[in-house]
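Student: Can you keep this structure in mind? I'll have questions shortly.
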Amino acid sequence: MTKVFGTPHEQVVFCHDEASGLKAIIAIYSTALGPALGGTRFYPYGSEDEALDDVLNLSKGMAYKNALADLDLGGGKAVIIGDPATDKSEALLRAYGRFVQSLRGRYFTACDVGTFSEDMDVIARECAYVTGRTVAHGGAGDSSILTAYGVFQGMRAAAERVWGSPTLRGRRVGVEGVGKVGHRLVEHLREDGADVVITDVDAAAVARVRARHPEVDVVDGHAALIASDIDVYSPCALGAALDDETVAVLGAKVVCGGANNQLAHPGIEKQLDDRGVLYAPDYVVNSGGVIQVADEIEGFDFDRAKQKASGIFETTRRIFAIAADEGVPPAVAADRLAERRMSEIGRLRGILLNP
Ligand SMILES: NC(=O)c1ccc[n+]([C@@H]2O[C@H](COP(=O)([O-])OP(=O)(O)OC[C@H]3O[C@@H](n4cnc5c(N)ncnc54)[C@H](O)[C@@H]3O)[C@@H](O)[C@H]2O)c1
């Protein structure tokens, strides 16, 4: 456990309720910009250490994502150790809710892998600091709507940088993974006049897109997609889509997609840069989802949230400009900009207000 004190995280809370089987860890990376917001992952981790590693990484990622999404929120994340298919129960979720409540608003939770809006409704029976609830309970509903919209805004900014105009019209975009985010992205792309080619391991997901858009091409798998003649590669499935092999053969000039953690290891951002591929940092362009759920804190208003997600265009553009000015890859520029905001705005808490 010494690894907690070797990191910049503010607070790490272990939550245990033996009777319901709850084993959870909540990590708060930073509250410099406000209460920490991040989802709860329910996953059968092989060990406590594995769960701790994951929650420490994920909570840091949320701090950076929320900072660049222009939210007044810090970064946090939680993991529940267990198999959501067999271990999830009302008692376990409510026990978890009481632990989140005990932090008195330092951490707001939301959905993540293995948790759904209905689970957030259950957690909210014990806790006031819950987002991602069902529409019936005043929640924002499916966050992939604004995630896809934000990815499209980021892609427009990349198109402007590379081809001079913020549109994908006439470009060929390869979308890998046409699940909740990917299929919505295809809608935006077709509306904008892009040619689209897709791949997905799930035949039903491919069929759903083809039913609406018979003109969309389909290829079989990752290797076929990146080797095809595409202008933009859009990873919208799992993480680590950009590994050494992919970067070596990628013909696309732009990478911009919804998947989290697209870079397989540190240094890939430099390889992409060296090959003249413009990479739109994943956590910047996929922040539409967190913008959507964060809006619940004020009482959800879809138009207001969409307006805020439109800002992803300008933020992505700004990151490309900083990257060019400072001679660094966009991923490095994004991290610097996030750190600057956390430091400049976080510092203002030092101005004493009248008690
Ligand atoms: N949903 C959101 O609001 C949101 C927000 C931010 C980031 N993300 C990230 O975006 C990505 C997609 O999320 P989603 O909500 O659309 O998930 P999803 O499960 O609905 O869709 C993922 C799709 O990818 C396909 N897939 C899985 N492995 C594949 C592979 N090897 N090759 C091709 N296709 C494959 C699946 O069959 C599925 O259709 C994830 O990385 C997620 O973490 C999602």
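We did not get these values from a lab; they are worked out from the coordinates using the rules stated. Keep in mind that what you see is a predicted model, and the values were worked out from it rather than measured. We place every Cβ from the backbone using ideal geometry, glycine too, and count neighbours over all the protein chains shown.
Student: Residue separation times 0.36 nm, minus the C-alpha to C-alpha distance between Asp17 and Glu160: what's the value?
Tutor: 46.2 nm
Student: Between Thr115, Thr40, Thr86, where does the largest GNM mean-square fluctuation fall for the chain, given springs only between Cα atoms within less than 10 Å?
Tutor: Among Thr115, Thr40, Thr86, the largest GNM mean-square fluctuation belongs to Thr86.
Student: For the chain, taking Cα atoms only, what is the radius of gyration to one decimal and the Dmax to the nearest whole Å?
Tutor: That works out to 20.2, 64 Å for Rg and Dmax.
Student: Moving on to the next point. Counting alpha carbon pairs within less than 8 Å and at least 6 residues apart, what relative contact order, in whole percent, applies to the stretch 143-238?
Tutor: Relative contact order, the stretch 143-238: 32 percent.
Student: Label Leu353 and Arg275 with points 7 Å out from Cα along Cα→Cβ: what is the distance between them in nm?
Tutor: Simple spin-label model gives 4.9 nm for this pair.
Student: For the chain, which DSSP H helices look membrane-span-like by this rule: Cα extent along the axis of 15 Å or more and mean Kyte-Doolittle of at least -1.0?
Tutor: 48-68, 90-102, 144-163, 302-326, 330-346
Student: Oh, and also: Distance in nm between label sites at Glu314 and Glu187, each 7 Å beyond Cα in the beta-carbon direction?
Tutor: About 2.6 nm separates the two model spin labels.
Student: Using only C-alpha positions, report the orientation-averaged shadow area of the convex hull of the stretch 52-181, nm², one decimal.
Tutor: 10.2 nm²
Student: Of all beta bridges DSSP finds with both residues in the chain, what is the antiparallel percent, to the nearest 5?
Tutor: So the antiparallel bridges in the chain amount to around 35 percent.
Student: Taking springs between alpha-carbon atoms closer than 10 angstrom, which of Tyr149, Tyr279, Tyr43 fluctuates most in the Gaussian network model of the chain?
Tutor: Checking each option, the largest mean-square fluctuation is seen for Tyr43.
Student: Less than 10 Å Cβ to Cβ from Ser228, Lys/Arg counted +1 and Asp/Glu -1: what total charge do the surrounding residues give?
Tutor: Once all neighbours under 10 Å are counted, the net charge is -1.
Student: If I stretch the segment between Asp83 and Asp53 completely, what's the gain in nm (0.36 nm per residue apart, minus their alpha carbon distance), one decimal?
Tutor: 9.0 nm
Student: Considering only C-alpha atoms, what is the centroid distance from the stretch 167-220 to the stretch 111-163, in Å?
Tutor: 21 Å
Student: Can you figure out the FRET efficiency of His265 with Thr7, using R₀ = 25 Å and their beta-carbon distance, to the nearest 0.05?
Tutor: With R0 = 25 Å, the Cβ-Cβ based efficiency is 0.80.
Student: Taking 0.36 nm per residue of separation and subtracting the Cα-Cα distance, what length does fully extending Arg304 through Arg212 add?
Tutor: So the chain would gain 30.3 nm between Arg304 and Arg212.
Student: Of Lys3/Lys77; Lys60/Lys306; Lys88/Lys308; Lys77/Lys180; Lys23/Lys306, which pairs sit farther than 28 Å apart, going by alpha carbon to alpha carbon?
Tutor: In this structure, Lys88/Lys308; Lys23/Lys306 lie more than 28 Å apart at Cα.
Student: In Å, what is the Rg of the alpha-carbon atoms in the stretch 105-153, and how long is Dmax?
Tutor: Computed over the Cα atoms of the stretch 105-153, radius of gyration and Dmax are 11.7, 37 Å.
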